[in-house]
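For reference, the structure is listed below as structure tokens.
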DNA sequence: TTGTAAGCGTTATCAC
DNA sequence: GTGATAACGCTTACAA
């Protein structure tokens, strides 16, 4: 049995109030008392019970981070940054995987009893529809949306300018002289905003560059996985004429795409240039190294935690949208022998 | 303000006891009562407060998973499997990153007030020394060790046969005719058991194959990262004669190693074969695809959760060691044009 | 089968 | 500055 506040109080011959004061760093405690209490704590190896504290204060000190899959490098890197940022505000992070499961997302959003553990939630859905957000309404759980959706003013939102990011990627492909630019990553059922926005950026950039849009060059991908990128690219490689560049809506798709190009006996970027979005570590060591649009995940994490922390303290703060910076990173998969 | 059990009881005109019975699925509740309670719950949008429940029952339903870095694919894949396995036992998982920080590992192990949230801990340290474990003694926190350390009988332990895994990898290199086999991944200060065991397997396999041991072919790596693999390989490439194969103690090291070989204008596996350990997704899509020793992380996760769950329920269960299976996976990085 | 009440370990409100 | 004591919301003897 772990020692309780009571045990310590008894041992030190003081009241629980005084012990609590010492433990929680209350200012006005006499030196003598503090010393006695500290000694008793030491002797009994006392550790405060965070659950009891939570029940009393109403704060768990826990943030929920909801992502589709923790094994997707973008999300594990985001998780790392969120964990680090949260620690600075005294919060710990629980990671929930939805596994692309709508019901799971809905449950979490609507606040089942598990959700009640969190002081606030950071929600980074791959595939959440706007309607889902309506369901969150009844809950009072502070919520920050990550990298998704158009801002509708109801929730804090740390976003990426997906249209601009996609445009930068495609503009880069056009600049290096590519004319038949394919795109991988639209969703089979066109409902989610990230792929929609990235697709919009794609067509817009083609327009700007004065390039023709080939509808057959737009390939869908259900998940943003290496496998999906591979399969989508195989479909592209069956076309004639072939594309001379592929814009993938994520780095993982691009990794799979490159592999498919090589397996077909073609070269990247010689025959087909490939670019992704995310800038995950894996891309830097790929062969060829992967050109991409770098998203500033430390920034996203920092802003998200800052927003959720203030919202927890002041629930009436008006919702805000923060746009995270992005920048093109040209590597070997678009520029051969790039330094 | 969220509704409480009391509110529901009042609304349904029954006692809290009855409401609690309904909520916790107690058998003996009359149909009428149950219906009334359920209606009230619905109307008030009641959700049980897990914190209060926890304070009463002494169970948080939380497992702590301690890993060095969640962004290392092996650990994110392990985390995914642990989260899934834990869900089947009704547990949720909090991930703690130690970031290779000894103090952090010690704190977690000794049980600061944060640790007390967990019903049990799954500890997968990259770099924990045996002495650290002694410090855990005073805590009563159930603990399962993952993939590390020699079994000392004090703690449950889901391990890998590191010696055998390393031997399999090196034996494979010998079988394909390599004779100057280097190894990357010993720790600068030789204290941790995983690298020691893998190194032991390396030398043992060289012996078995009748190959000479070149001391300069054993390169240390502080972290098991792509960067460390790259740097270590650059050191190898400065030697003469060059090695004709590299055994890396992790897939990430191997990814970095392959890149370094290519940057030096050499070929994998033509000039130098490369093999890793872990079998992370990234390796399958690398170019060439990475030969490796596959560790059965779903098995590890399942066993670990099973052990911790029984230990939580029956603290006096004797500690057990489970060895997870591994198997060699030969891909293109050792066998060119492998199917 | 259901109601009453005690208590989990902490913090916070009141006195003194 | 410190000591009693009442919550926080739930589960569970013990009674009825």
**Asked** Just wondering, is there one or more residues in segment B:309-324 that are modelled with pLDDT of 95 or more and within 14 Å of chain A (Cβ to nearest Cβ)?
**Response** no
**Request:** Please state which of the following conditions residue A:63 fails to meet, knowing it meets all the rest: (1) surrounded by 22 or more Cβ atoms within 10 Å (Cβ to Cβ); (2) under 27 Å from residue B:282 (Cβ atoms); (3) within 13 Å of chain B (Cβ to nearest Cβ).
**Result:** (2)
**Prompt:** Does segment B:131-169 hold any residues that are part of a loop (DSSP other than H, G, I, E, B) and under 18 Å from the mean Cα position of the chain (by Cα), and which are they?
**Reply:** B:142, B:147, B:148, B:149, B:150, B:151, B:155, B:161
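Restricting the search to segment A:216-235, which residues are part of a helix (DSSP H, G or I) and under 23 Å from the mean Cα position of the chain (by Cα)? Quick ask: steps written out before the conclusion?
Narrowing segment A:216-235 to residues part of a helix (DSSP H, G or I): A:216-217, A:226-235.
Of everything in segment A:216-235, those that are part of a helix (DSSP H, G or I) and under 23 Å from the mean Cα position of the chain (by Cα) turn out to be A:226, A:227, A:228, A:229.
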**Request:** Looking at (1) within 10 Å of DNA strand C (Cβ to nearest atom); (2) more than 23 Å from residue A:140 (Cα to Cα); (3) at the interface with chain B (Cβ under 9 Å from one of its Cβ atoms); (4) without any contact (Cβ under 8 Å) to a residue 40 or more places away in the chain, find the lone condition where residue A:47 falls short.
**Result:** (4)
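Scan segment B:264-286 residue by residue and report those that are within 11 Å of another protein chain (Cβ to nearest Cβ) and in contact (Cβ under 8 Å) with a residue 12 or more places away in the chain. Walk me through how you get there before you give the answer.
The initial filter retains those residues of segment B:264-286 that are within 11 Å of another protein chain (Cβ to nearest Cβ), namely B:268, B:280-286.
Those that are within 11 Å of another protein chain (Cβ to nearest Cβ) and in contact (Cβ under 8 Å) with a residue 12 or more places away in the chain: B:268, B:280, B:281, B:282, B:283, B:284, B:286.
Go through segment B:236-260 and give me each residue that's within 14 Å of chain A (Cβ to nearest Cβ) and outside any loop (DSSP other than H, G, I, E, B).
The first filter runs over segment B:236-260 and keeps only residues within 14 Å of chain A (Cβ to nearest Cβ), leaving B:248, B:250-260.
Answer for segment B:236-260, where residues must be within 14 Å of chain A (Cβ to nearest Cβ) and outside any loop (DSSP other than H, G, I, E, B): B:248, B:251, B:252, B:253, B:254, B:255, B:256, B:257, B:258, B:259, B:260.
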**Request:** Examine segment B:85-108 for a residue that is surrounded by fewer than 22 Cβ atoms within 10 Å (Cβ to Cβ), within 16 Å of DNA strand C (Cβ to nearest atom) and either within 12 Å of chain A (Cβ to nearest Cβ) or more than 39 Å from the chain's Cα centre (by Cα) (or both), and state whether such a residue exists.
**Result:** no
**Asked** Name the residues in segment B:6-33 that are near DNA strand C (Cβ under 9 Å from one of its atoms), within 44 Å of the chain's Cα centre (by Cα) and either part of a helix (DSSP H, G or I) or crowded, with 19+ Cβ neighbours inside 10 Å (or both), would you?
**Response** B:16, B:17, B:18, B:19, B:20, B:21, B:22
**Request:** Return yes when residue B:182 is within 13 Å of chain A (Cβ to nearest Cβ) and either outside any helix (DSSP H, G or I) or within 19 Å of residue A:286 (Cβ to Cβ) (or both) and no when it is not.
**Result:** no
**Request:** Output the number of the condition that residue A:39 fails; it satisfies all remaining conditions of (1) facing chain B (nearest Cβ under 8 Å); (2) part of a helix (DSSP H, G or I); (3) farther than 30 Å from residue A:283 by Cβ.
**Result:** (1)
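Kindly provide the set of residues from segment A:50-60 that are at the interface with another protein chain (Cβ under 8 Å from one of its Cβ atoms) and in a loop (DSSP other than H, G, I, E, B), ordered by number. Break it down stepwise before answering.
Step one: of segment A:50-60, the residues at the interface with another protein chain (Cβ under 8 Å from one of its Cβ atoms) are A:50-52, A:54-55, A:60.
Passing the criteria: only A:60.
Using the structure shown, decide if residue A:332 is surrounded by fewer than 24 Cβ atoms within 10 Å (Cβ to Cβ) and more than 12 Å from chain B (Cβ to nearest Cβ). Talk me through it step by step, then tell me what you get.
On the way: surrounded by fewer than 24 Cβ atoms within 10 Å (Cβ to Cβ): yes; more than 12 Å from chain B (Cβ to nearest Cβ): no.
It is false that residue A:332 is surrounded by fewer than 24 Cβ atoms within 10 Å (Cβ to Cβ) and more than 12 Å from chain B (Cβ to nearest Cβ).
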**Asked** Counting only residues that are more than 8 Å from chain B (Cβ to nearest Cβ) and outside any helix (DSSP H, G or I), which one in segment A:66-84 is farthest from residue B:86 (Cα to Cα)?
**Response** A:72
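Among B:336, B:319, B:309, which is the only one that is outside any strand (DSSP E or B), in contact (Cβ under 8 Å) with a residue 40 or more places away in the chain, under 26 Å from residue A:252 (Cα atoms) and outside the structural domain of residue B:186 (by TED's automatic domain parsing)?
Numbers: B:319 fails: under 26 Å from residue A:252 (Cα atoms); B:309 fails: under 26 Å from residue A:252 (Cα atoms).
Of B:336, B:319, B:309, the one residue that is outside any strand (DSSP E or B), in contact (Cβ under 8 Å) with a residue 40 or more places away in the chain, under 26 Å from residue A:252 (Cα atoms) and outside the structural domain of residue B:186 (by TED's automatic domain parsing) is B:336.
Identify the residue in segment A:165-193 that is under 19 Å from residue A:324 (Cα atoms) and out of contact with any helix residue (DSSP H, G or I) (no Cβ under 6 Å at 6 or more places or on another chain) and, among all such residues, is modelled with the lowest pLDDT. Spell out how you get there, then give the answer.
Step one: list which residues in segment A:165-193 are under 19 Å from residue A:324 (Cα atoms), which gives A:165-169, A:193.
Applying the additional criterion that residues be out of contact with any helix residue (DSSP H, G or I) (no Cβ under 6 Å at 6 or more places or on another chain) yields A:165, A:168-169, A:193.
On the way: A:165: 97, A:168: 98, A:169: 98, A:193: 82.
Checking each candidate, the answer is A:193.
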**Asked** Which condition number in (1) within 11 Å of chain B (Cβ to nearest Cβ); (2) part of a loop (DSSP other than H, G, I, E, B); (3) within 14 Å of DNA strand C (Cβ to nearest atom) is the one that residue A:3 fails?
**Response** (1)
**Asked** Counting only residues that are within 12 Å of DNA strand D (Cβ to nearest atom) and farther than 25 Å from residue A:115 by Cα, which one in segment B:16-36 is nearest to the other protein chains (Cβ to nearest Cβ)?
**Response** B:29
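I'm trying to understand the selection: among the residues of segment A:287-300, which are away from chain B (no Cβ under 11 Å) and over 20 Å from residue A:223 (Cβ atoms)? Quick ask: steps written out before the conclusion?
In the first step, residues of segment A:287-300 are kept if they are away from chain B (no Cβ under 11 Å); the result is A:290-296, A:298-300.
A:291, A:294, A:296, A:298, A:299, A:300 - these are the residues of segment A:287-300 that are away from chain B (no Cβ under 11 Å) and over 20 Å from residue A:223 (Cβ atoms).
The values are calculated or read from the model by the stated rules, or taken from the named source; none is laboratory data. As the structure is a prediction and not an experimental result, all values here were calculated from the model. Quick reminder, even Gly has a Cβ in these numbers, built from the backbone with ideal geometry, and neighbours come from all protein chains shown.
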